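This report refers to the structure that appears directly beneath it.
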Amino acid sequence: MKNLERIAFSEELKEILKDCVSVEIPNTRAELYDMVFGKEEANSFDITYTVHGKEKKEADVVRCRNGAVVNYTEDYMRRRDPECMVIADKKPTNKQQFKETYGYDFSGLRKETLLWLKERELIIVPFRAGGKKYGYPAILICPKNAAFFAYALANLQAFVNIEEEVIPFVPRAIIYVAPPFRHTHFEGKQVCVHNRLDNCHEIFSYNLYPGPSAKKGVYSVLLDIGEQENWVTAHASAARIITPYENEIVIMHEGASGGGKSEMLEAEHRVEDGRILLGTHVMTGGKNYLHLGDTCDIEPISDDMAMCHPAIQGPDGKLGIIDGENGWFLRVDGITEYGSSPAYEKIAIHPKEPLIFFNLQGVAGATCLPWEHTLDSDGKPCPNPRVVIPRYMVDKIVQEPVGVDIRSFGVRMPPATAEHPSYGIMGLMQIIPPALAWLWRLVAPRGHNNPSIIASKGMQSEGVGSYWPFATGLRVRQANLLLQQIISCPNTKYILIPNQHIGVYKVGFAAEWLAREYLARRGGVNVMKRQNLEPARCPLLGYSLREMKIDRQNIRSVFLKCELQEMLGIEGYDKGAKILTDFFAKELKKFDVPELDPLGKEIIACFKRGGTIEDYCNLTPM
């Protein structure tokens, strides 16, 4: 096979590829797109596999004018299962291990999987995990009838033409795709088995939804490499924000899935008369608006994965970052009609090359519209419609590394009232010192009504860094790396931003859009001056703003300090603060271990004794 010799395969893989039905290595994404619809290049194509002697349909692909539209036969396969990761190797880990979970060693199933692939027509896609400049060589091995999966990966990651690569191309990671095994071995569940060899990170994807493997699996590879090399890939979007007066700041927005990362890159949403709806009272229906004329320009940097690679030096004690992806796996549940998100709608409807869509309605020969979401079996729109958009299609995209001025952390908040208290007590923007920023990244609340994943009821932790679902190693190791990163970047500052609710007000993502405008107009770090701040009633929320004025308009104090809301009050706020504090106490126990960094032990001890915001600032000055 042409170009196979350019990749440094193990002897085991050479034997598999030598005897398989056929192998193709596309040199371009266009070449790969042509494979998506099968040998006949049909306008629609069913992906089926033999399971227990019968053909089972996993998904179908439809050729639309603007790309390939993929829909799965099961609701379950339309979003990522947060429990899908299993570790097969014997290296240090806090994750579920294959042998303990399934009662047998993975080596036999690994061999069975490779033999199954040996009997197929295969596609091999070379790419660089983490981007072309700072990324690591990797490959995907996939059955040809699942070419849509390969095309999704080729758009998400830094696809490479193997003929243009320096040889030998030595994979640091390999993704194997074997869909029917979820039925034959895992009772229909999504399973991704990670097998960390000494020089290669193997991922066995036993399902056809690309989220756990082509997307988050590559994230796992970067976190594993970072754990070895002492750096982190943050779970974050980032943007350079430029005011109408040409001042600029860089904001990096972190948080669990659904925490507002993609929304930080969107222009603020407006109602028909041009105003911005800040919040709607959930009991009375009363609405609060803001008039904003000229708003800031947004130059996107990353959507979900920001590499904080040691080769990237941030200026003046700031964290240096670059996008860890070559394409964005955008959730478009917020696009419900024409005009919801004009920039992304334009890209999706009139792309420069065919895109790939998931969980959206597709009619052969028609245009796939991002607001026509596939209906689940209950008749409701799937909450996780997606489109993969290559970075180069995004307007004003930033290509070079940047230094971060502000690191925000977003949390989905439920409504909170005195009658029904909850942890939804965060004001529109809370200012926090590095110590608290670290604690929030250890606990990383997944929050209220998460649309991205299965099983998102109630308050749960996404785990350290909010990227813990994708990490394969030890949580204390990641906690130490995050603390070292935070302490080594003293001129990057920290805030918290709620979404969905501020107390009794439904706000959606308006809080982060207004915080972004305010921070950029005020020069970012200028809002950290103590005269602008007062301690929050709940120490975990750091400082509240005394006042907030944007374009000569004051934000009502009830949005800055929830305890001032009549239907919540101090008593309701304090009950919510206890819910939040108890949750932190439960989650922080996991990190109170001997291997924790000494400063980390001091910070957790401060929390356990009920420390004040001044105590946290004494440990890590703002």
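The values are calculated or read from the model by the stated rules, or taken from the named source; none is laboratory data. Everything quoted here is computed from the prediction, not taken from an experiment. Every residue, glycine among them, receives a Cβ derived from its backbone with ideal geometry; neighbour counts consider all protein chains shown. Note: areas computed on protein heavy atoms with side chains; ligands, DNA, RNA excluded. Shrake-Rupley method; radii C 1.70, N 1.55, O 1.52, S 1.80 Å.
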Residues of the range 182-198 that turn out to be of a type in the set (A, V, I, L, M, F, W, C) and open to solvent by 40 Å² or more (accessible area, probe 1.4 Å), as a count:
1
Given the criteria closer than 15 Å to Ala416 by Cβ, touching a Cys at 6+ places or on another chain (Cβ under 8 Å) and buried (at least 22 other Cβ atoms within 10 Å of the Cβ), does Leu541 qualify?
no
Would you please name the residue that is surrounded by the fewest Cβ atoms within 10 Å (Cβ to Cβ), looking only at residues in the range 483-534 that are closer than 19 Å to Gly572 by Cβ and of a type outside the set (Ser, Thr, Tyr)?
Lys506
Would you mention how many residues in the range 122-161 are within 23 Å of Met307 (Cβ to Cβ) and of a type outside the set (Gly, Ala, Ser)?
18
What's the number of the condition Asn359 fails, among (1) out of contact with any Leu (no Cβ under 8 Å at 6 or more places or on another chain); (2) at pLDDT below 95?
(2)
Taking Met622 as meeting all but one of (1) modelled with pLDDT of 95 or more; (2) farther than 30 Å from His291 by Cα; (3) not acidic (Asp, Glu), write down the number of the exception.
(1)
For the range 203-212, indicate whether the set of residues that are over 23 Å from Met305 (Cα atoms) and in contact with a helix residue (DSSP H, G or I) (Cβ under 7 Å, 6 or more places away or on another chain) is non-empty.
yes
Residue list for the range 566-621, filter: open to solvent by 50 Å² or more (accessible area, probe 1.4 Å) and part of a loop (DSSP other than H, G, I, E, B)
Glu566, Met567, Asp592, Pro594, Glu595, Arg609, Gly610, Thr612, Pro621
Considering only residues that are on the phi > 0 side of the Ramachandran plot and under 21 Å from the mean Cα position of the chain (by Cα), which ones fall in the range 345-376?
Asn359
Of (1) within 25 Å of Val51 (Cα to Cα); (2) among the β-branched types (Val, Ile, Thr); (3) open to solvent by 10 Å² or more (accessible area, probe 1.4 Å), Ile175 satisfies every one except (3)
Any residue at all in the range 353-360 that's open to solvent by 30 Å² or more (accessible area, probe 1.4 Å), under 30 Å from Arg521 (Cα atoms) and of a type in the set (Asp, Glu)?
no
In the set Ile555, Ile502, the lone residue that is under 30 Å from Ala605 (Cα atoms) and in contact (Cβ under 8 Å) with a residue 60 or more places away in the chain is Ile502
The condition from (1) open to solvent by 70 Å² or more (accessible area, probe 1.4 Å); (2) closer than 24 Å to Pro385 by Cβ that Tyr72 misses is numbered (1)
Within the range 301-310, can one find any residue that is closer than 22 Å to Gly503 by Cα and either in a loop (DSSP other than H, G, I, E, B) or open to solvent by less than 50 Å² (accessible area, probe 1.4 Å) (or both)?
no
Does the range 549-563 contain any residue that is at pLDDT 95 or above, open to solvent by less than 10 Å² (accessible area, probe 1.4 Å), in contact with a Pro (Cβ under 6 Å, 6 or more places away or on another chain) and in a helix (DSSP H, G or I)?
no
Top-ranked residue in the range 40-64 [being touching a helix residue (DSSP H, G or I) at 6+ places or on another chain (Cβ under 9 Å) and part of a loop (DSSP other than H, G, I, E, B); ranked as modelled with the lowest pLDDT]
Glu41
What pairs come out if I take residues in the range 395-417 that are open to solvent by 30 Å² or more (accessible area, probe 1.4 Å) and pair them with residues that are among the small types (Gly, Ala, Ser) and not in a loop (DSSP other than H, G, I, E, B) whose C-beta lies under 6 Å away, six or more apart or interchain?
Pro401/Gly320
Scan the range 148-161 and tell me whether some residue there is open to solvent by 10 Å² or more (accessible area, probe 1.4 Å), farther than 30 Å from Glu263 by Cβ and free of Cβ contacts under 8 Å to residues at least 60 places away in the same chain.
no
Within the range 323-342, the count of residues that are touching a helix residue (DSSP H, G or I) at 6+ places or on another chain (Cβ under 9 Å), surrounded by 15 or more Cβ atoms within 10 Å (Cβ to Cβ) and of a type outside the set (S, T, N, Q) comes to 11
In the range 379-394, what count of residues is obtained for those that are open to solvent by 50 Å² or more (accessible area, probe 1.4 Å) and within 16 Å of Pro354 (Cβ to Cβ)?
1
Residue pairs, Cβ under 6 Å, 6 or more apart or interchain, first in the range 460-482 and more than 16 Å from Arg196 (Cβ to Cβ), second assigned to a helix (DSSP H, G or I) and not aliphatic (A, V, I, L, M). List them.
Ser461/Glu587; Val464/Arg475; Val464/Gln478; Gly465/Arg441; Gly465/Gln478; Ala479/Phe591; Leu482/Arg441; Leu482/Gly465
Can you confirm whether the range 83-90 contains a residue that is within 25 Å of Ile123 (Cβ to Cβ), surrounded by 14 or more Cβ atoms within 10 Å (Cβ to Cβ), of a type outside the set (Lys, Arg) and more than 25 Å from the chain's Cα centre (by Cα)?
no
Could you list all residues from the range 187-230 that are of a type in the set (D, E, K, R), closer than 21 Å to Phe169 by Cα and in a loop (DSSP other than H, G, I, E, B)?
Asp198
